[in-house]
Amino acid sequence: MAYEKWRSSDHAWAMARATPETVLGDFDDAVFTHRGVTSRFYRGGGRYYVFTEGPGGKMGEFEITYTFGVRPLQQYLVHFPGGRLQALSIAWDSVQRRWFHLQEEQDVPASDWLHWTRNGQNWNGMCAECHSTNLRKNYDPKTDTYATTWTDINVGCEACHGPGSQHVAWAKMQPMARPELADGGLLIRTRDITSERLVELCAPCHSRHAELGDYDHTGRQLMDQMLPTLLVEGLYFPDGQQLDEVYTYASFLQSKMYARGVRCSNCHDSHSAKLLPFPGNELCLQCHQREIFDTPGHHFHKQVVDGRASPGASCVKCHMPERPYMVIDWRADHSFRVPRPDLTAEISVPNACGQTGCHADKPVAWAVDAFRKWYGIARKPHFANTFAAARGGEPRAEADLRRLADNPLQPGVVRATALDLLSRYPGQSTTDSLRNALAADDPLLRDLAVSRLVLPDARERAATLAPLLCDPVRAVRIHAASALAGTPRELLKPYQREAFDRALGEYREAMSYSLDFASSGYNLGNLEASLGHAAEAERYFRLALSVDELFFPAKVNLSVLLAEQGRAAEAERLLRDVVAAYPGNAEAAYSLGLLLGEAGRNNEAAEWLARAAAGWPRHARVRYNLGLVLARLGRIEEARTTLREALPLAPADYDALFALADLELRDGRPREALVLAERMIAERPNDPAGLQLRAAAARLLGAGQ
């Protein structure tokens, strides 16, 4: 029974060799034109081909070797040199039976990372892990080649149940002779495990994440093998609704259903992956009371319209709004949220009533008024407002972020996202929240905290983070090692040094696994720079740029590395490349401004630092640096204003206090300088700079009297 259900599932059709039985698309000399490129699909000698735009924008013939997926669309894979399989961006609509382009609204030139011949559409690194079983990517960064293997071409039994040799041996026995084995000898038991563990069996493929290595299908802790993505801007709306192609896991983690033990198999058949066969709202009414929720008194819609069940009376239409991905693949949000038109009015997030919902033709105010009429004015507070404010850099978000991060009643993914946003507001309170999270039960929180906690004092850093080197979860261990890189070894106890070396080895292994992504080369470059290995750092930064020449973080950090070596001209060229490609990038503008300032080109430096300050409204340090440059240029009032803007953003910034106090003193304003000097002494009572400034200001005030 389980096998028969699986045979017709999307898992069984996840990938297959291109044959007449598996290819659904029209290859009878079909022609498709997109943005001036006309492609042709045809057969020859029992094989399937496409004539289309290839590497470098040149037209050519390519053989289709594998199908990829089945419904509502099917993609096709082409072999490329170096063991690569590339996913064609023209796909087959299995429902409407037509060819269409997956980037129908975008112009993707052949030089772009997202072009079907480039890494953004590479099967080995982007897709394979979740479409085949027991996949081994086997990427070799030295030769830039793959030797990818699998045991099952599609998503088979062992993808969820682990290696099945014991189960097969048990099944071959005569029924009367079989020993009593839980789940028939399957390595991963699914019958008696917790809902959290069962959801984590699905999560490796049904989540947006970064991989830490090949998934071994043995049921290890999820974050031993992957890093789930948080509710970050660009992937999720501020209220946690899905925006980009994020799949299901992080959405479900937000839900009350997950918190109360609901699991995927409560709604989906584990082997067919289809919804359980309940009509209407009956699937939801397994748990929710019919007399309360399946009535017009709850949803305020007619039960039947024109002889059919009304969409407005459907639980999923209101609580699982859908969005299209890959143009035609409509996917339901699994956070099971209450529709909030009021949040649409406040921060422009979607709601199930409008946008792509039933009443897209109505204004937001119409839905807001309807909700107030039905449910009253009072609405529960939502993290959406806080996240939206934090994304905009608004100071008012800081306290609310801290409350969210410290609240154990909030979902872990919401708390971790709040911590991530809170790290944009440096200060003692933020440091305290991050410290508290180091001891959280949820590894998602521990991992975020160890990755974001900034402790300039090496002794304090070692004492705080070294215990995390022995964390039971791999992701936490490796990020602790990365954060401790460059810390003097003598500050670690002997057993901590051993743990550091092991965790550092795990970090290198995890990042090396994904060196076909620019981010991993960037991470290893940062690691080597922290360890003082400049040549290795440069090699990794350049490796990242060879994967994606537009990956600006690697260019920015490489430029900093080169500048430290006195290679200012090379550093400037790299930074100017970035600001040309990304005119609004504040980080690159800041680095360029610092570089120009160090070269004494203060007018240019002021221009770029001002751009950085405009793009980083809550960044205190950029204002400090801009203030120094303006003071050098004799633009004293502008310098004073800029330094004063820096202090509320980082009240304890000793350098900014000193710079402003020194400026006031030199400008003949000893009273203002004295106030600032007292603040410096309060921060660092034994530092001579504050004491000297106070004395100088007092002398001037005394002379004036």
Students often check this: by mean Cβ neighbours within 10 Å, which of 659-670, 276-287, 122-133, 398-409 ranks highest, and how do the rest follow? 122-133, 659-670, 398-409, 276-287
Please give the FRET efficiency for residue 509 paired with residue 569, using the beta carbon to beta carbon distance and R0 = 41 Å, rounded to the nearest 0.05. 0.70
To the nearest 0.05, the calculated FRET efficiency linking residue 603 and residue 502 through their beta-carbon distance, R0 being 51 Å, is 0.50
tail above 17 Å in the computed P(r) of the stretch 286-330, as % of all Cα-Cα pairs, reads 44 percent
Per residue, the convex hull volume that the Cα atoms of the stretch 46-171 enclose (Å³): 151 Å³
Just the number, please: carbon plus sulfur as a percent of the accessible area of the stretch 1-102, 1.4 Å probe, no ligands or DNA/RNA counted. 51 percent
At 1.4 Å probe size, with the rest of the protein present, what percent of the exposed accessible area of the stretch 548-677 is carbon and sulfur atoms? 53 percent
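Please state, as a whole number in µm²/s, the translational diffusion coefficient that the Stokes-Einstein equation yields for the stretch 313-380 at 4 °C and 1.567 mPa s, with Rh defined as the Kirkwood radius across alpha carbon pairs.
Answer, rounded: 103 µm²/s.
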Sorting 304, 65, 219 by the position of each Cα along the dipole of the chain (Lys, Arg +1; Asp, Glu -1; all at Cβ), the one nearest the positive end of that ordering is 304
So the pair-distance distribution of the stretch 230-359, from every Cα-Cα distance in 5 Å bins, comes to percents of 2, 9, 17, 23, 22, 16, 9, 2, 0
One computes Rg over Rh for the stretch 182-278 from alpha-carbon atoms, with the Kirkwood Rh, and obtains 0.98
With unit charges on the beta carbons (Lys and Arg positive, Asp and Glu negative) and the dipole taken about the Cα centre of the stretch 548-705, which residue among 605, 661, 647 sits farthest to the positive side? 661
If the chain between residue 428 and residue 470 were fully extended at 0.36 nm per residue, the gain over the current Cα-Cα distance would be 12.5 nm
What fraction of the Cα pairs in the chain, stated in percent, has a spacing above 41 angstrom? 41 percent
Give me the percent of DSSP beta bridges within the stretch 233-351 that run antiparallel, rounded to the nearest 5. 90 percent
Stick to the Cα atoms of the stretch 490-579, pair each with every other, and give me the Kirkwood hydrodynamic radius in Å at one decimal. 13.8 Å
Could you work out the relative contact order of the stretch 1-115, using alpha carbon pairs under 8 angstrom and six or more residues apart, expressed as a whole percent? 20 percent
Explain nothing, just the number: relative contact order of the chain, from Cα pairs under 8 Å at least 6 residues apart, as a whole percent. 7 percent
Could you rank the peptides 643-650, 452-459 by their average count of other C-beta atoms within 10 Å per residue, with the highest value first? 643-650, 452-459
Could you do me a favour and compute the accessible area per residue for the stretch 9-48, 1.4 Å probe, result in Å²? 55 Å²
Sort out for me the Cα centre separation of the stretch 623-701 from the stretch 499-547, rounded to whole Å. 40 Å
Note: residue 35 to residue 686 extended length (0.36 nm per residue) minus current alpha-carbon separation gives 227.6 nm
Ignoring ligands, DNA and RNA, what accessible area per residue does the stretch 234-283 give at 1.4 Å, in Å²? 47 Å²
Do the alpha carbons of any pairs in 317/373; 274/302; 58/142 sit beyond 23 Å of each other, and which pairs? 274/302; 58/142
Enter the accessible area per residue of the stretch 66-148 (Å², integer; probe 1.4 Å; all protein chains in place). 39 Å²
Please list 18-25, 460-467 highest first by mean number of surrounding beta-carbon atoms within 10 Å per residue. 460-467, 18-25
If R0 = 35 Å, then residue 293 and residue 190, at their Cβ-Cβ distance, give a FRET efficiency to the nearest 0.05 of 0.75
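Sum -39500 (n - 2.57) across every DSSP H segment of at least 4 residues in the chain, then divide by the residue count to get the 222 nm mean residue ellipticity, nearest 500.
Using -39500 (n - 2.57) per qualifying helix, the result is -13000 deg cm²/dmol.
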Debye calculation, C-alpha points only, no solvent: report log10 I(q)/I(0) for the stretch 27-80 at q = 0.15, 0.16, 0.30, 0.31 Å⁻¹, in the same order as the q values. -0.44, -0.50, -1.28, -1.29
Of the convex hull drawn through the C-alpha atoms of the stretch 229-278, the volume per residue in Å³ is 101 Å³
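The values are calculated or read from the model by the stated rules, or taken from the named source; none is laboratory data. Since the model is a prediction, treat every value here as computed from it, not as a measurement. With ideal geometry, Cβ positions are generated from the backbone for all residues, glycine too; neighbour counts draw on all protein chains shown. Note: accessible area is taken over every heavy atom of the protein model, side chains too, but ligands, DNA and RNA are not part of it. Shrake-Rupley method; radii C 1.70, N 1.55, O 1.52, S 1.80 Å.
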